[in-house]
Amino acid sequence: MNFTKLLLNKEPKTFLIGAGCSIDPPSNLPAGRSMMEAIIKTICSKSEISKILQIDGLRFEELVEILRDYLDPELKIIEYYSQCEIPNLQHFYLADMAINDHYIMTTNFDFLIEYALLNSNISKNQIIPVITEKDYNNFNDPKKLIKQGKKLIYKIHGSIKNIITLEDTRSSLFATIQAFGQKKEGLNVFQVEPFKRSLFNNIMKKRTLIVMGYSGSDDFDIKPTLDIIKTLKKIIWINFDPKNLTGTITKIDGDYIKKYDKNNQLDNILVDLYKMGKLTKTKREIYKVEVNISKFLENNFRFDVSDQKSNHLDPISWIKENLPSPSKFTKLAIPCKIFYNHDQYAEALLCAKKLLRIAEDSKNSNWKARALHVIGQIHTKEGSYSKGARNYQQAINIFDAVNNLEEKAKSMIRLVELLRLQQAEYDPFEDPLYSSNPIEAQMKRKLNEALELSKQIEKPLLIAQCLSLMPLPDEHDLYRLSEEKSESYLDPKTGEYDIEKFFGDLLAPLYNAIKIFEENGALIGKARCLLKLGLFYLQITNLYEQGFKAFKEGTQIADLLGHHFLKAEFKLYNSAMILRNKLNAKINAGFKSIKESLEIFQTLGSNDAQIWALKTLGFYHIKLNNLIEAKETWKIAFKIAEDLELDGQITAFNIYLGLTDSQWKEIIDNPDTDIFSSLGDEFFYTYGSY
């Protein structure tokens, strides 16, 4: 494949543009890493700057979200990019591609492609920047618009304004920055704003996607979004190589993944895209092109940019002049948050303790409580539950004293989650919210208080969190309630009980949580509730189809969002519950489901989750009298458990593997032996889906 011919051919192309395209003169905007360094040096304590700059996984969007939360609520930092109005050669090339009916998408916050179009004598009424939800709904058919002579620029992460219509579109930034800034594995644009899904499908279908301006490390993480676009014909990722003027093309295929450089971040991304494509049976070709794209365009295209003045706007100076000066508290709180997000708990704890001392010395109660809350989070992550609980309770008391009710509610919810973890460590097969244990009363009280508080301050997502944590009845509770309330649900005309209404009332908190999560676009929260709902029906009742219905809807959400781990969870539980409830008519479907779950966990590299899938798969082999396959499956799980030093699992697999075939046959043939009764429990409490 020749790179020049690739760019010049008539094949329909969609371009995805990152910050690297705006670095060259005369634009001279800073790359993602340069801008991040400027922000960090301006807003963080000097003692923490060098350590933060060494964090490999820190991304621009994460830093901007933290900046917004602590210092810049209106996201004024994004205005820096609007100061430059001078497009470079790459922008003129992209404008030319738009003029020639190719599609342009960008995560950039500048307006340089729009300016390049205007400078190419394209009138304003021909240019359509697509930014807001309304825009995505109105302009989601690019073919039709192009036939009308329109030139479209899809700004997939929002923009502070539309320079063509002069509309203020700042609100488009908030959802994107908030969700993408959180360190969530595999987050994609549709998990943030599902309304963009149909547009993405329209501009990707049977097209070649050319990715420009992304290093794969310090800029926006676009891989999770590319993972779930199943209609692309090709992905061509252009990687900057200063010495390569013609372009070296490498195909990412089965041979390449055997020899690629695992220390190269971009290679890891491309190999992951290839693997996920195989997993989802997505037929697309993936290529990496190493080239100095600026020199290549200069040598092969004719765009005159020589008479433009260069942009020279130092980001540090601009930040100091336009953003509020960070306080001594903020300068420690921001590094603390960054360290915590990247699992550097020792560094986070040092920062939090410094912040606590300064707050105490300054008699600043709010910052003292916030420091204690963070210390509680760190102790929770480290498994020091008693310390964490004390920290949360101290934070709750202070927030209450200063009337900071929202933070008080958050600390109370965190405390409940901590207490659940503490109990699960003691007894992983018992949910403390509806079991008889010493901390049950404390947890229920805190949860009810947090719920009332969340309602008082009208915070829907906090309300939903509380409702989703509410206890569900166990078998004994269910029997007692059905006896107590049987008359209330008896239809005097038919003499039959309204079971649907009984469970609807019983599960009202969970159904309300599902409704609130859905209304607020929090589909992951809704899916987690569906998982809890499905498990209730399949573990506690004999209304199995209700459980499988909840699992099916949850799986559809995971599919829609491209959340592969969540999809694998649903498939694991689905198959585990089939065995657990001896639903022989569904055995073949369950067998297929558990194999798919295992394949996803393997592709994601989630070793601990693989153990639970392998364990369940082994039991399917037992059920199907494939004893040899069962033992081979458990040997793999045993090896993973050894590598992860999971003593409980090592013991369990030693027992399974130590039994002879005749002993297994005796166990299977014994009607009083229920070897499948606890399937799914361990995985459930490991990942805390409740």
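What to note about this one:
- Restricting region 104-125 to residues that are part of a loop (DSSP other than H, G, I, E, B) and of a type in the set (A, V, I, L, M, F, W, C), the residue that is nearest to the chain's Cα centre (by Cα): Phe109
- Note on region 286-322: among residues that are among the small types (Gly, Ala, Ser) and assigned to a loop (DSSP other than H, G, I, E, B), the one that is modelled with the lowest pLDDT is Ser306.
- Residues within region 511-525 that are modelled with pLDDT of 95 or more and either aromatic (Phe, Trp, Tyr) or touching a Phe, Trp or Tyr at 6+ places or on another chain (Cβ under 9 Å) (or both), tallied: 1
- Looking at Leu560, Leu538, just one residue is within 31 Å of the chain's Cα centre (by Cα), surrounded by 15 or more Cβ atoms within 10 Å (Cβ to Cβ), over 24 Å from Leu604 (Cα atoms) and at pLDDT below 95, and that residue is Leu538.
- Filter result for Ile52 (part of a helix (DSSP H, G or I) and either more than 31 Å from the chain's Cα centre (by Cα) or in contact (Cβ under 8 Å) with a residue 24 or more places away in the chain (or both)): yes
- When residues in region 466-501 are screened for being free of Cβ contacts under 8 Å to residues at least 40 places away in the same chain and part of a loop (DSSP other than H, G, I, E, B), 8 of them pass.
- Counting only residues that are touching a Pro at 6+ places or on another chain (Cβ under 6 Å) and small (Gly, Ala, Ser), region 92-128 holds 1 of them.
- Residue that is farthest from Ile516 (Cα to Cα), among those in region 430-481 that are of a type in the set (Ser, Thr, Tyr) and at pLDDT below 75: Ser436
- Among the residues of region 244-264, those that are in contact (Cβ under 8 Å) with a residue 12 or more places away in the chain and farther than 15 Å from Tyr287 by Cα comprise Asn244, Leu245, Thr246.
- Filter result for the condition that a residue is farther than 21 Å from Ser172 by Cα and either crowded, with 17+ Cβ neighbours inside 10 Å or not hydrophobic (A, V, I, L, M, F, W, C) (or both), over Lys150, Lys155: Lys150
- If you check Ile257, Ile249, Ile334 for being in a helix (DSSP H, G or I) and farther than 30 Å from Leu355 by Cα, only one passes: Ile257.
- For the criterion of being within 26 Å of the chain's Cα centre (by Cα) and at pLDDT 95 or above, Arg370 passes.
The values are calculated or read from the model by the stated rules, or taken from the named source; none is laboratory data. Quantities reported herein were computed from a predicted structural model and do not represent experimental measurements. Cβ coordinates were reconstructed from backbone atoms using ideal geometry, including for glycine residues, and neighbour counts include every protein chain displayed.
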